[in-house]
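Derivation of every value follows stated rules applied to the coordinates shown; laboratory data play no part. This structure is a prediction, so every number in the text was calculated from the model and none was measured. No Cβ is skipped: glycine too gets one built from the backbone with ideal geometry, and neighbour counts run over all protein chains shown.
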């Protein structure tokens, strides 16, 4: 308990010191709902009918991130309020400010937050460790509170896995992402190449398509230590490696599989990427690719708009998307929930909050939020629906569907996520700089083991 409290206080202090002044929330007051004009609107209603409205008069306080999902939800929440008689007040914050707000309120006690957006891979273990979540298994498995029509089995397995901590369902997935390969169709075609199906083919293509005298490069990816960890993960998994053994809690950063993955990732950067990739996170890498000087780029499919929008990319009409290439153990990209919707354990309106969560994550509402092209969700049936994929490029959809049940985490599943990424990032930097990868992996593995040993049990 002392360790848990210490970690929480450290995080609160670190966030407060590192962030801007306290954020200003923008509540979304009750709005008059437009008249229902389709069967989809009425079928998306919570299980309690509008006639009975068992939670009428309840006011929910819901904290969300400044995110396209919130933008879409603002337009729809009036329907929910009309159907249920529940008032929904949303407060929106920048990502880190949202974490600060939640952490501060939950730590102090007495919070009246009912539901909230959260990043399960960043805060999941910490929030679960401190009992700040309602275990949503109690709702999805209760036929009286969740009818069969909700169909929880429709959610992609990997996305649910991201939201699961020690069998606790911490949230319902609302936004997902996978790692894919972006490539220049024109450059590959001119060189007589097909999109790489394996990492070996990716390296061969990078070799052929690199001409540094013409400032043409065959590869790019995030290379800055900490930010690169999530995108390196798919390389690690596809080589058969992992961050640590889940059963023994032993670090595995220096296994033969891990060293082979680090070595290849470093080689691709060192030999075929533009200079300076050790200082690149995704904004820098995507900008370089969008300028037209790179042939291949591995990163999250969530940044596709930056590459395929002609107002942002000079190669928008020349960029293709395919599934992450296979390594020795096949293609094992991460497939994660980047944002989920949770209920606060301290809420006094848990059942009413579930009505909102259930409505917001129903097939009908996901079809609408995903249909705007900015919120790729986790329901398989929505990806099978023409409306659900209409705003996404066809090859992007094919890669997303093929990757949907990849690995459900893209970084170590620990409480001290940032510290773990810093440690792993040292190996990535060493590999890109052409240093001794094995020596760097051995040192990082020892440091990571100390971190694992310090984690709450």
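For residue 250 and residue 194, calculate 0.36 nm times their separation in residues minus their Cα-Cα distance, and state this gained length in nm to one decimal.
16.2 nm
Over segment 359-457, what relative contact order in percent results from Cα pairs under 8 Å that are six or more residues apart?
With pairs under 8 Å counted, the relative contact order is 17 percent.
Roughly what % of Cα-Cα distances in segment 291-356 sit above 16 Å, to the whole percent?
The share of Cα pairs beyond 16 Å in segment 291-356 comes to 65 percent.
Could you work out how far helix 95-108 tilts from the main Cα principal axis of the chain, as a 0 to 90 degree angle to the nearest 10?
50 degrees
Could you rank the peptides 207-215, 228-236 by their average count of other C-beta atoms within 10 Å per residue, with the highest value first?
Descending mean neighbour count gives 228-236, 207-215.
Taking the mean number of other Cβ atoms within 10 Å as a proxy for protection, how do you rank 173-186, 419-432 from highest to lowest?
The densest-packed peptide leads the list: 173-186, 419-432.
Taking the Cα centroid of segment 100-121 and of segment 324-359, what is the distance between the two, rounded to the nearest whole Å?
16 Å
Nearest 0.05, what FRET efficiency do residue 435 and residue 95 give at R0 = 30 Å with Cβ-Cβ as r?
My answer for the efficiency is 0.35.
Find the all-direction average of the projected area of the Cα convex hull for segment 86-134, expressing the result in square nanometres with one decimal place.
If you wrap the Cα atoms of segment 86-134 in a convex hull and average its projections, you get 3.8 nm².
In what sequence, highest mean first, do 399-412, 133-146 appear when ranked by Cβ atoms within 10 angstrom?
In descending order of packing, they fall as 399-412, 133-146.
Order of 324, 152, 80 from fewest to most other C-beta atoms within 10 Å?
With the fewest neighbours first, 324, 152, 80 line up as 152, 80, 324.
How much length would be gained if the chain were fully extended between residue 143 and residue 131, taking 0.36 nm per residue of separation minus their Cα-Cα distance, in nm to one decimal?
1.8 nm
Debye calculation, C-alpha points only, no solvent: report log10 I(q)/I(0) for segment 81-233 at q = 0.09, 0.10, 0.13 Å⁻¹, in the same order as the q values.
Calculated log10 I(q)/I(0) at the listed q: -0.52, -0.61, -0.83.
Per 20 Å bin from zero, what fraction in whole % of the C-alpha pairs of the chain is there, up to the bin with the longest pair?
24, 54, 21, 1
Averaged over every viewing direction, what's the projected area of the C-alpha convex hull for segment 210-299? Give it in nm², one decimal, please.
So the mean shadow area of the Cα hull is 5.9 nm².
Write down, largest first, the equivalent ellipsoid semi-axes of segment 278-395 in whole Å, where each equals the square root of 5 times an eigenvalue of the alpha-carbon gyration tensor.
Computed over segment 278-395, the values are 33, 17, 16 Å.
Given a Förster radius of 45 Å and the C-beta distance between residue 281 and residue 351 as r, what FRET efficiency does 1/(1 + (r/R0)^6) yield to the nearest 0.05?
0.60
I need to check one value: relative contact order of the chain, counting alpha carbon pairs closer than 8 Å and at least 6 residues apart, in percent.
Relative contact order here is 23 percent.
Take every Cα-Cα distance within segment 316-457, group them into 10 Å bins from 0 onward, and report for each bin the whole-number percent of pairs it holds.
Histogramming segment 316-457 at 10 Å steps yields 9, 24, 28, 24, 14, 1 percent.
So what's the angle, to the nearest 10 degrees on a 0 to 90 scale, between helix 68-84 and the longest Cα principal axis of the chain?
Around 20 degrees separate the two axes.
Return the tail of the calculated pair distribution for segment 211-256, meaning the percent of Cα-Cα pairs more than 13 Å apart.
More than 13 Å apart: 67 percent of the Cα pairs in segment 211-256.
Among DSSP beta bridges lying fully in the chain, give the percent that are antiparallel, nearest 5.
Here the share of antiparallel DSSP bridges comes out near 70 percent.
As a footprinting exposure proxy, order 76, 253, 121 by other Cβ within 10 Å, with the fewest listed first.
The order, fewest Cβ neighbours first, is 76, 121, 253.
Tilt of helix 256-272 relative to the longest C-alpha principal axis of the chain, in degrees (0 to 90, nearest 10)?
70 degrees
Taking the Cα-to-Cβ direction at residue 107 and at residue 372 and moving 7 Å from each Cα, how far apart do the two end points lie in nm?
3.3 nm
Rounded to two decimals, what ratio of Rg to Rh does segment 344-409 give with C-alpha atoms and a Kirkwood Rh?
1.09
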